[in-house]
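The values are calculated or read from the model by the stated rules, or taken from the named source; none is laboratory data. Because the structure is a prediction, the values reported are computed rather than measured. Backbone-built Cβ (ideal geometry, glycine too); neighbour counts: all protein chains shown.
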Amino acid sequence: MSISREGFDYVRKLVHSQSGVVLEAGKEYLVEARLQPLAQTEGLPSVQTLIERLRGSSVTGLLQRVVEAMTTNETFFFRDLQPFEQLRRVVLPQVIEKRRAERRITIWSGACSTGQEPYSIAMMIKEHFPELLGWSCRLMASDIAADIMARARLGRYSQIEISRGLPAHYLVKYFQKHGAEWHLNEDIRRKVEFFEFNLTKPWPALPRMDIIMMRNVLIYFDLETKKQIFTNLKHQLHSDGWLALGGSETTLGIDESFERVAGDASGWFRLRKL
């Protein structure tokens, strides 16, 4: 049974109110694909039945699982490569020079999904910036879904996940094979602090950041939600800090406090000088 128009509209409104993610008209197929596994887990014959149960239920656990299933968790190691090259060649060296006196750096991966982005940064630091091992180098990572954060903390990946973007020498050096999975070494895993965080809700107290990776998530929000997130980012980032967005994301027409780094096409932004 396909989902009804009313069922789709209900899911659209639910997902938007809980996560800020906008499901455009015509995305019924996406709702079907994302919620079918959850319907099967719940022992229900169809996604439409799942939606009907959700509408008649006051159980917040089911609501949360539906929202988590509908939020995008697409990611892979060193995604798009160029932003990480810019991070290695330009961003981190400049931040290190600026923070040399205090020997403290804070980096936040703001929509990290199953952890490939922050773990990529942690491995890069270990490989190319050994001096930071003697600094207070705090690497934070967050996402909206509790189950996704639990997976990220484990640092366990399938062969397909490992094959997407991870250089071979990183695999050999930082992972161990266990059955059908690859397990990330503990010394890399413990460098990342994972926490649940909904970008569209009131932000908790966080440290000021030197580098924020907020890549490929803002495209799912409406304009007002984007404006609020950029306002929060502006206050969260050090005045000389760096912000990375996805390749198709921009601050133009949303928040003029940020400007794209001159000559960079990989998605790095700075706060405008007043």
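Assorted remarks:
- Within segment 155-211, strands (runs of 3 or more DSSP E) holding 3 or more residues that are within 15 Å of Thr114 (Cβ to Cβ): 156-158, 181-184, 192-196
- Residue among Val91, Val15, Val21 that is hydrophobic (A, V, I, L, M, F, W, C), within 25 Å of Trp108 (Cα to Cα), assigned by TED's automatic domain parsing to the domain that holds Gly110 and surrounded by 19 or more Cβ atoms within 10 Å (Cβ to Cβ): Val91
- Pairs, first surrounded by fewer than 17 Cβ atoms within 10 Å (Cβ to Cβ) and at pLDDT below 95 in segment 145-174, second part of a loop (DSSP other than H, G, I, E, B) and among the aromatic types (Phe, Trp, Tyr), C-beta under 6 Å, six or more apart: Arg164/Phe76
- Residue match in segment 241-256 (condition: farther than 26 Å from Pro204 by Cα, touching a residue at least 24 places away in the same chain (Cβ under 8 Å) and among the small types (Gly, Ala, Ser)): yes
- Among residues of segment 100-130 being assigned to a loop (DSSP other than H, G, I, E, B) and either over 29 Å from Ala146 (Cα atoms) or not assigned by TED's automatic domain parsing to the domain that holds Leu218 (or both), the one that is farthest from the chain's Cα centre (by Cα) is Ala101.
- The strands (runs of 3 or more DSSP E) found wholly in segment 222-274 and carrying at least 1 residues that are within 18 Å of the chain's Cα centre (by Cα) occupy 237-244, 268-271.
- Subset tally (residues that are hydrophobic (A, V, I, L, M, F, W, C) and closer than 12 Å to Arg79 by Cβ) for segment 107-148: 3
- Failed condition for Leu81, given (1) surrounded by fewer than 15 Cβ atoms within 10 Å (Cβ to Cβ); (2) of a type in the set (A, V, I, L, M, F, W, C); (3) farther than 30 Å from Lys201 by Cα; (4) in contact with a helix residue (DSSP H, G or I) (Cβ under 8 Å, 6 or more places away or on another chain): (4)
- In segment 136-150 there is at least one residue matching the filter, namely being more than 21 Å from the chain's Cα centre (by Cα) and farther than 17 Å from Gln82 by Cα.
- Cβ-Cβ under 6 Å pairs, at least 6 apart or on other chains, segment 259-273 side buried (at least 17 other Cβ atoms within 10 Å of the Cβ) and at pLDDT below 95, far side among the aliphatic types (A, V, I, L, M) and assigned to a strand (DSSP E or B): Gly267/Ala244
- The number of residues in segment 103-142 being acidic (Asp, Glu) and at pLDDT below 95 comes to 1.
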